[in-house]
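A short worksheet on the structure shown next.
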Amino acid sequence: MVRGSAGESVLHKHLRILDTFDAWHPYLTLTQIAQAAGIARSSAHRLIAELEQEGLLERLPDRSYRLGVRLWEFASRTPGALGLREIARPWLGAVHERVRQHAQLGVRSGGDVLFIERMSARDAVLNATLIGGRIPLHASSSGLVLLAHAPDAVREEVLGSRLRRYTEHTPCTEPVLRGLLRRVRADGFAVAEGFIHRESRGIAVPVTGPDGSVYAAIGVVVHNDGSDPSPVIDLLTRAAAGVARDLARAYQPDAGVRASGIRALLSSSTRSIEYLEHVGHDPHEGTSAAGPPRGRGEAR
C-alpha cells in the first residue's frame, strides 16, 4: 500500500476526504474539503481529482463536489446492504404499519450502529437516525443489541473508550454499560429510554443470520411514555424471526449454484435472475447488464 510522507496511506487520505461529506454537508468546495479533512489544499486537489476520475466524487457546475454514484454501486453489491435490506424490508414495513412511528434496521460498523433502512411517519417522535447514518453503539437500543453480541475485542474496546453522553440517561460508564449488555443477552432485546432524547424510547431485537450469528438489529423509536414495551418487543421478535427465516432460505443454494452468488442477494423472478447471471458472466461481452462498462486502464 502506498504511503505518504507522514506514514499515512494514500487510501486513508482518500477516505478522509470522503468522510467530510454527510447528510448535512452533501456539497462541499475544494477549500471546505481540505479544511474538514485536515489536508493541504494542494494535496486535496490531487486526491479529489483521483476520486473524481474513478467516479467516487462528482464535480458540479458551480465547482463544488458531491459523493459519486459509484459509491452506491459498490455498497449495493454487498450482502449487508442489498440482500439484508431487501429481505428485511417487508418485515420492517409490517412493524412500521403497527407502530406508526419509526422502524429501522441497523448493522454494526466498527464502534457504531449503521442504519441501512428506516421507515417513519411525518408526525413521529424525534429520532436521530438517517439511512446511512451512524450512532455510537452504547447510545441506542439497536447499538446495545449489536454490542451485546459483538466479538469480545470489540466490546472491550467500546467499554474502554470515552463514551458520548447525549442525555442524563445515556449509559456512559463501564459498570452501567456492562450490566445493560448482560441484560440484553439474557432478555433478547434492548430498551433505551431517553438515551439520545428524553422524549424518545428505542426498542430493538437481534436478527440472526444463517450461521446463527447476529447479523443486524431491527428496532423502533417510539414515545418515551412509560407504557409497557412488551407488545412492541413481541412484534419485533416475530419480525426478526421472519427476516432470519428468509435469510436462511435466500442463502440456501439451489442445485449446482453457489449460495454466495446473485441468487442469495436478489428477490426476483427465476428467469430474471438467470438472465442477469448469463449476461453478467459472458466472457465475450464487453459490458454487463448488471454493471457499467469498464473504463480504460481498469483491470479485467
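Here are a few things to note about the model shown:
- Scanning segment 107-124 for residues that are crowded, with 19+ Cβ neighbours inside 10 Å, touching a residue at least 24 places away in the same chain (Cβ under 8 Å) and farther than 11 Å from ARG85 by Cβ yields ARG108, ASP112, VAL113, MET119, ALA124.
- Check on ARG182, modelled with pLDDT under 95 and not polar (S, T, N, Q): no
- Considering (1) acidic (Asp, Glu); (2) within 20 Å of VAL107 (Cβ to Cβ); (3) assigned to a loop (DSSP other than H, G, I, E, B), the lone condition that GLU157 does not fulfil carries the number (3).
- Cβ separations smaller than 9 Å between residues 6+ apart or across chains give no pair from segment 7-33 residues that are outside the structural domain of ARG59 (by TED's automatic domain parsing) and within 18 Å of PRO61 (Cβ to Cβ) to residues that are loosely packed, with under 12 Cβ neighbours inside 10 Å and of a type in the set (Phe, Trp, Tyr).
- Here THR237 fulfils each of the conditions (1) of a type outside the set (A, V, I, L, M); (2) in a helix (DSSP H, G or I); (3) at pLDDT below 95 apart from (3).
- Residue selected from segment 125-147 under the condition without any contact (Cβ under 8 Å) to a residue 40 or more places away in the chain and in contact with a strand residue (DSSP E or B) (Cβ under 8 Å, 6 or more places away or on another chain), by the criterion farthest from THR170 (Cα to Cα): ILE131
- Any hit, segment 133-142, residues being of a type in the set (A, V, I, L, M, F, W, C), farther than 23 Å from PRO90 by Cα and under 15 Å from the mean Cα position of the chain (by Cα): yes
- Only one of the numbered conditions (1) assigned to a strand (DSSP E or B); (2) touching a residue at least 24 places away in the same chain (Cβ under 8 Å); (3) not β-branched (Val, Ile, Thr) is not met by ALA150, and that is (1).
The values are calculated or read from the model by the stated rules, or taken from the named source; none is laboratory data. On a predicted model such as this, the values are computed, not experimentally measured, just so you know. Positions of Cβ are backbone-derived with ideal geometry, glycine not excepted, and every protein chain shown enters the neighbour counts.
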